[in-house]
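The values are calculated or read from the model by the stated rules, or taken from the named source; none is laboratory data. Quick caveat, the model's predicted, so the values are computed rather than measured. Glycine gets a Cβ as well: all are built from the backbone with ideal geometry, and neighbour counts include every protein chain shown. Just the protein is used for accessible areas: all its heavy atoms, side chains included, with ligands, DNA and RNA removed. Shrake-Rupley method; radii C 1.70, N 1.55, O 1.52, S 1.80 Å.
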Amino acid sequence: MIKQILEVGLGGFLGSVARYFLSKLNLHTDFLSIPVGTLAVNILGSYVIGLLTGISEKSELLTMEWRLFLMVGICGGFTTFSTFTSENLMLMHNGQFFSVFLYTGMSIIFGFLAVYLGYITTNLL
């Protein structure tokens, strides 16, 4: 049990640090007030988790330990729903309702497409 906790914890640390650096795009990129960094993190994370899911289903390449480290740890630490919802709340407080709907729609649509693309990418392996 301690080994699994350490695998998830180390992966979570690495994913969170990667999210921190990529989310800095929020400070430098303005597209209709949408938090581009968080959007990119969630779409990229969706793709990676789809890819890892496909690999896990099609081969024994990823052991349970690697799935814990990569999917639960890194992807879990990398993507963030709480940041997404709090950013939408701030947009609402600022009266930017169009940006709320656009950001939410883009996150759902592109997140789903990314996880699907990641999954079907494994058909090429």
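Quickly estimate the mean residue ellipticity at 222 nm for the chain, helices only: each DSSP H run with n ≥ 4 gives -39500 (n - 2.57), and the total goes over all residues, rounded to 500.
After summing the helix terms and dividing by the residues of the chain, the value is -23500 deg cm²/dmol.
So which GluC sites (Glu not before Pro) in the stretch 16-67 are both in a DSSP loop and have at most 13 other Cβ atoms within 10 Å of their Cβ?
Filter output for the stretch 16-67: E60.
Please work out the average accessible area per residue across the chain, using the 1.4 Å probe convention, and give it in Å².
With all protein chains present, the chain gives 62 Å² per residue.
Of the accessible area of the chain, with the probe set at 1.4 angstrom, what percent is carbon plus sulfur?
Accessible surface attributable to carbon and sulfur in the chain totals 75 percent.
From Cα pairs below 8 angstrom and at least 6 apart in sequence, can you work out the relative contact order of the chain, rounded to a whole percent?
Once divided by the residue count of the chain, the mean separation gives 41 percent.
Between F13 and F98, how high is the FRET efficiency from 1/(1 + (r/R0)^6) when r is the Cβ-Cβ distance and R₀ = 35 Å? Nearest 0.05.
0.45
Pick the calculated Cα extents along the principal axes in Å for this structure from [x] 35, 31, 23; [y] 34, 31, 30; [z] 49, 33, 21?
[z]
What full-extension length gain, to one decimal in nm, is calculated for K24 and L6 as 0.36 nm per residue of separation minus the Cα-Cα distance?
Result: 3.7 nm gained on full extension.
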